[in-house]
1. Which entries of A:166/B:119; A:67/B:132; A:166/B:123; B:70/B:119; A:132/B:67 show an alpha-carbon separation above 21 angstrom in the structure shown?
2. Assume the label is 7 Å from Cα along Cα to beta carbon: what separations in nm does residue B:67 have to the matching positions in the other copies?
3. Through the Karplus equation 6.51 cos²θ - 1.76 cosθ + 1.60, θ set to phi - 60°, convert the phi angles of the stretch B:152-159 into ³J(HN,Hα) values in whole Hz; use x for Gly and Pro.
4. Report ³J(HN,Hα) in whole Hz for each residue of the stretch B:86-103, in order, from the Karplus equation J = 6.51 cos²θ - 1.76 cosθ + 1.60 where θ = phi - 60°; Gly and Pro get x.
5. Label-point separation (nm) for residue B:73 and residue A:73, each offset 7 Å from Cα along Cα-to-Cβ?
6. Mind listing the label-point distances from residue B:123 to the same position on all other copies, shortest first, one decimal in nm, points 7 Å along Cα→Cβ?
7. When the Karplus curve 6.51 cos²θ - 1.76 cosθ + 1.60 is applied with θ = phi - 60°, which whole-Hz ³J(HN,Hα) does each residue of the stretch A:66-75 get, with x for Gly and Pro?
8. From the label point of residue B:173, set 7 Å along Cα to the beta carbon, how far off in nm is each other copy's matching point, shortest first?
2 protein chains.
Amino acid sequence: MGFWKSLFSASDTTTTAKPAQAEGYSTPGLTTISGSRIFFSTDREIDLYELEELCDAVGWSRRPLRKVKKAIQHSFLVVSMWEQRGAQRRLIGFSRATSDHAFNATIWDVVVHPEFQGKGLGKALMKQVIKKLRSEDISNITLFADPHVVDFYRNLGFMPDPEGIKGMFWYPD
Amino acid sequence: MGFWKSLFSASDTTTTAKPAQAEGYSTPGLTTISGSRIFFSTDREIDLYELEELCDAVGWSRRPLRKVKKAIQHSFLVVSMWEQRGAQRRLIGFSRATSDHAFNATIWDVVVHPEFQGKGLGKALMKQVIKKLRSEDISNITLFADPHVVDFYRNLGFMPDPEGIKGMFWYPD
């Protein structure tokens, strides 16, 4: 996993002081509700049950954990978002991207816990993802957006159907 | 590369007789111009100069071969299409897909040499790609189509903007 180490070390200088958070990093100025702190991580050792709980909270259909684990392992980038209160940590956001490690990346599974929505945290999470992908020299960052989040992504610099390019999904006959 | 071996061996029984084509396979009924035979391969040991020549032929901008090599290495699937005339082989088509190996795949760089277009070979190439991805239990096969090829992909079962889902590309500020 040398790649991830280098991605991480090249990314952010605001690492936390606690050794247990070696792969976590906070973003300056990003503090919510009093007494809590938000931080991001590219560590893919995520408790799958905790992730499932997060996805349940936004109403996503459940997926086999075995496949979720495989998808995380084979994603190019995983960024998770955590709330820390004292010694307690809670997974409050998640996103991952597939990539050819050279030209293209596609972002999937962007989720922010409903209790933490409307605070700019989804935007902060996506900015982390974009920053990481750009630091790896990925020039084409893509995603497929549900209608109700098109404007959210537009505000982050994503353009729908640029030059008439259409996102298409295959359906079995 | 055990994965590729298993993908290949699970895929097609119409392998060619020549040992040198261990990873090539022909498609029944797919023969063009007299004396030539078309076959497909998932082998990613492709001559990068030959691939560049193919991409030049359709007018694509040149890309650093180092990055093309990396992209091929980190693609989930590579399908190339070849014309064989006697002992001579010529690369006439190419496609690749990124994936999380579990849920999603995205198809990139679909190209058919202009001399071989209009013969159903692009369709045959895409059918190979879809078949391989399906055989790996990938449920969500996606792509981004330029406006002039939207109908080509639609005829293959791809739907643009299903349920309003928008393909989006990030542009730097």
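Values in this text are rule-based calculations from the coordinates and carry no lab data. As the structure is a computational prediction, the values presented were derived from the model and not from experiment. Backbone-built Cβ (ideal geometry, glycine too); neighbour counts: all protein chains shown.
1. Details: A:166/B:119 24 Å; A:67/B:132 18 Å; A:166/B:123 18 Å; B:70/B:119 31 Å; A:132/B:67 18 Å.
Those over the limit are A:166/B:119; B:70/B:119.
2. So the label point of residue B:67 gives 3.3 nm to the other copies.
3. For the stretch B:152-159, the Karplus-derived couplings read 4, 6, 4, 5, 8, x, 8, 10 Hz, x marking Gly and Pro.
4. 3J(HN,Hα) across the stretch B:86-103, in whole Hz: x, 8, 8, 10, 9, 6, 10, x, 7, 6, 8, 9, 8, 6, 8, 6, 9, 10.
5. 2.1
6. From this label point to the equivalent ones elsewhere in the assembly: 4.9 nm.
7. My calculation for the stretch A:66-75 gives 4, 6, 4, 4, 5, 5, 5, 4, 9, 7 Hz in order.
8. Taking the point 7 Å beyond Cα along Cα→Cβ, the inter-copy spacings are 5.1 nm.
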